[in-house]
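Engineer: Questions regarding the structure given below will be posed in turn.
The values are calculated or read from the model by the stated rules, or taken from the named source; none is laboratory data. Please read these numbers as outputs of a predicted model, since none were measured by experiment. With ideal geometry, Cβ positions are generated from the backbone for all residues, glycine too; neighbour counts draw on all protein chains shown.
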């Protein structure tokens, strides 16, 4: 049965589908395989998170105001702005939607708006939770998570995927003056200049940490009422980015943004779907 979408929400859904297909191909592929009753809500949640993230990344003048509207919705249910309107629609459909996850997501975005300090692995884990683990928790609620174990696993998978993003985007982030790799990890690996020094040891360690979070998060897909195999497939496909970084020499060629070949993405999709 397809989800019922209110007329006021339909334009947002149309935009959400277009945006997802355009900018998040791996996620879009997994989303298209979800059951029809939850697929529109997943698209809508993605749109909310993407719009807020883009406002911050592109330093839009209304970023703080829009984040404030969303934070006030999470705190006291005030509906103002398109993101809060979509979130209220989702909360009406899923009364257990964790509003604290929305508050934490806003905090993560505010970190990106200021001077981000990442000294330790714990600092990076907290940041990764705020900007991605929160999304995992919200997504899991839509997909029928009913236990604390499912909530924890969705948090872990989000952290794993955000850490993967950070390793994939090291050079792009450097060009923007951003470093998300913990200072302690850089010192341990003897990396003083992230743009020029040997990253081999650093990336070996950071990939292992990301893999650890995948091992914590992927089994939780079996706890979801809807779309568990699709979530697992998305995680397995995304994890292929780590393997591609290894294949390409852990930062030997730079600046470089690794791209997983389509056949490897397809292999990950199949593995995720067929594994119990």
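Engineer: In the stretch 143-154, what count of residues is obtained for those that are surrounded by fewer than 24 Cβ atoms within 10 Å (Cβ to Cβ) and part of a helix (DSSP H, G or I)?
Structural biologist: Selection size over the stretch 143-154: 5.
Engineer: Enumerate the helices (runs of 4 or more DSSP H) found wholly within the stretch 159-228, keeping only those where 3 or more residues are closer than 20 Å to residue 240 by Cβ.
Structural biologist: 170-175, 200-217
Engineer: Can I ask one more? Kindly list, by first and then second residue, each pair from a residue in the stretch 249-276 that is within 13 Å of residue 171 (Cβ to Cβ) and not assigned by TED's automatic domain parsing to the domain that holds residue 227 to a residue that is surrounded by 12 or more Cβ atoms within 10 Å (Cβ to Cβ) and at pLDDT below 75, limited to pairs with Cβ atoms under 8 Å and residues at least 6 apart or on different chains.
Structural biologist: So the pair list comes out empty.
Engineer: On to the next question. Of all residues in the stretch 235-275, which are more than 16 Å from residue 211 (Cβ to Cβ) and assigned to a helix (DSSP H, G or I)?
Structural biologist: Matches in the stretch 235-275: 262, 263, 264, 265, 266, 267, 269, 270, 273, 274.
Engineer: Mind listing just one residue for me: the one in the stretch 180-197 that is surrounded by 14 or more Cβ atoms within 10 Å (Cβ to Cβ) and without any contact (Cβ under 8 Å) to a residue 24 or more places away in the chain and, of those, nearest to residue 164 (Cα to Cα)?
Structural biologist: If we take residues in the stretch 180-197 being surrounded by 14 or more Cβ atoms within 10 Å (Cβ to Cβ) and without any contact (Cβ under 8 Å) to a residue 24 or more places away in the chain, then 186 is nearest to residue 164 (Cα to Cα).
Engineer: Quick check on this structure: which one of 4, 38, 23 is modelled with pLDDT under 95, more than 15 Å from the chain's Cα centre (by Cα) and not assigned by TED's automatic domain parsing to the domain that holds residue 175?
Structural biologist: Answer to the check: 4.
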